[in-house]
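Encoded as structure tokens, the structure appears first; notes follow it.
Every number here is computed from the coordinates shown, using simple stated rules; none is lab data. Computed from a predicted structure; not experimentally measured. Cβ: placed from backbone, ideal geometry, glycine included. Neighbour counts: every protein chain shown.
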Amino acid sequence: MLNEIWHKTMNIRYQRYNIVSVLNPNQGFTEFAMKTILNSREWSKRNTVRVATRTTAEVLQGNKKTYTVDLARKTCSCGHYQQNDIPCGHAYSIIIALNRAPRDYIPAVFSTTTLRNTYCHKR
């Protein structure tokens, strides 16, 4: 069983190494992060923001549901922001309303630099 786990782990590392090898050097974030960011950006277009402080706000969706976001704590009452620290559509709405750069709210773990450093070993 341990051998199977080892083989599976080595296969996954090799697959990720191959992914890193062909990454566009200008791409700032991983595919997962980019997909999540683009989805959040689409959601944010349908929201209205009521800013409370420099880091908190209430976000009203088109269906009249409201959500509370705290950028400092990386939380949203929808729960999606807390899943992986990538801003959900509600948080993205606040970031844009405050004229801030969304990339500043993406954890470094999702950068292609981190991915390269993890899987591409220089000799």
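What number, in percent, do you get for the relative contact order of the range 1-99 if the mean sequence gap of Cα pairs under 8 Å and at least 6 apart is divided by its residue count?
RCO, the range 1-99: 23 percent.
If the reach is capped at under 27 angstrom between alpha carbons, list the lysines near LYS45, excluding any in the same chain fewer than eight residues apart.
Counting by Cα, and skipping residues close in sequence, LYS45 has these lysines nearby: LYS35, LYS64, LYS65, LYS74.
Taking the Cβ of ASN39 as the center, what net charge do the other residues with Cβ under 14 Å away carry, scoring Lys and Arg +1 and Asp and Glu -1?
In short, +2.
Any chance you could check the Cα centroid distance between the range 30-76 and the range 83-123 for me, in angstrom?
15 Å
Looking at (i) 1.01; (ii) 0.98; (iii) 1.11, which value of Rg/Rh (Cα atoms, Kirkwood Rh) comes from a calculation on the structure shown?
Derived directly from the coordinates: (iii).
Only helical DSSP H runs with n ≥ 4 go in: add -39500 (n - 2.57) per run for the chain, normalise by residue count and round the 222 nm mean residue ellipticity to 500 deg cm²/dmol.
Calculated at 222 nm, the ellipticity per residue is -14000 deg cm²/dmol.
Mind giving me the nanometre distance, one decimal, between the label points for GLU58 and GLN15, set 7 Å out from Cα along Cα→Cβ?
Simple spin-label model gives 4.5 nm for this pair.
Would you mind working out the magnitude of the charge dipole of the chain relative to its Cα centre, with +1 at each Lys and Arg C-beta and -1 at each Asp and Glu C-beta, to the nearest 20 Debye? Spell out each step's value before the answer.
Values: 18 positive and 7 negative charges, 32 e Å.
So the magnitude is around 160 debye.
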